[in-house]
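The values are calculated or read from the model by the stated rules, or taken from the named source; none is laboratory data. It should be emphasised that the depicted structure is a prediction, and the values quoted were computed from it without experimental measurement. Because the Cβ atoms are built from the backbone with ideal geometry, glycine has one as well, and the counts that use them run over all protein chains shown. Surface areas here come from the heavy atoms of the whole protein model, side chains and all, with no ligands, DNA or RNA. Shrake-Rupley method; radii C 1.70, N 1.55, O 1.52, S 1.80 Å.
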Amino acid sequence: MPTVTLKNIPSKLHQKLKARAASHRRSLNSEIITCLESVVEAVPTDALLRRARFLREQVSGVVHDSDLKSLKNQGRP
């Protein structure tokens with residue numbers, strides 16, 4: 001596996017990463033990899049906004065809580 005060396009990490013950031021790693025019961029290295037994966041694999045904000053706008057256009061009028069409850073219960077005994 002490839003290796004990356006991080007240099008000049010600010011002390012506060014290092015301490016926060018160590019605290020996160022401890023709270024998740026991971027090594028510091030594993031925590032950093034997990035943080036990087038979550039950022040790199042995140043859906044870009046503009047794509048989420050486009051999807052939200054598309055879905056909003058599919059709904060005509062106002063959706064009320066009673067409508068949502070009815071839709072959730074469709075097909076349930």
- Note on the structure: With all protein chains present, the chain has a carbon and sulfur share of its accessible area (1.4 Å probe) in percent of 57 percent
- Determine the sum of side-chain charges near Thr34: Lys and Arg each +1, Asp and Glu each -1, restricted to other residues whose C-beta is under 15 angstrom from that of Thr34. +2
- Task: Kindly provide the helix-only [θ] at 222 nm of the chain, computed as the sum of -39,500 (n - 2.57) over DSSP H runs of four or more divided by all residues, to the nearest 500 deg cm²/dmol?
- Result: -20000 deg cm²/dmol
- Phi-derived 3J(HN,Hα) across segment 3-19 with the Karplus relation (6.51, -1.76, 1.60, θ = phi - 60°), rounded Hz, x for Gly and Pro, is 10, 10, 10, 9, 10, 6, 6, x, 4, 4, 5, 4, 5, 5, 5, 4, 5
- Item | Rg over Rh [alpha-carbon atoms, Kirkwood Rh] for the chain | 1.26
- Tell me, what is the 1.4 Å probe accessible area of Asp67, in Å² to the nearest 10? 60 Å²
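Mind checking segment 1-76 for GluC sites (Glu not before Pro) that DSSP puts in a loop (not H, G, I, E or B) and that have at most 13 other Cβ atoms within 10 Å?
Glu41
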- Query: Within segment 18-77, which trypsin sites (Lys or Arg not before Pro) sit in a loop by DSSP and count at most 15 neighbouring Cβ atoms inside 10 Å?
  - Reply: Arg25, Arg26
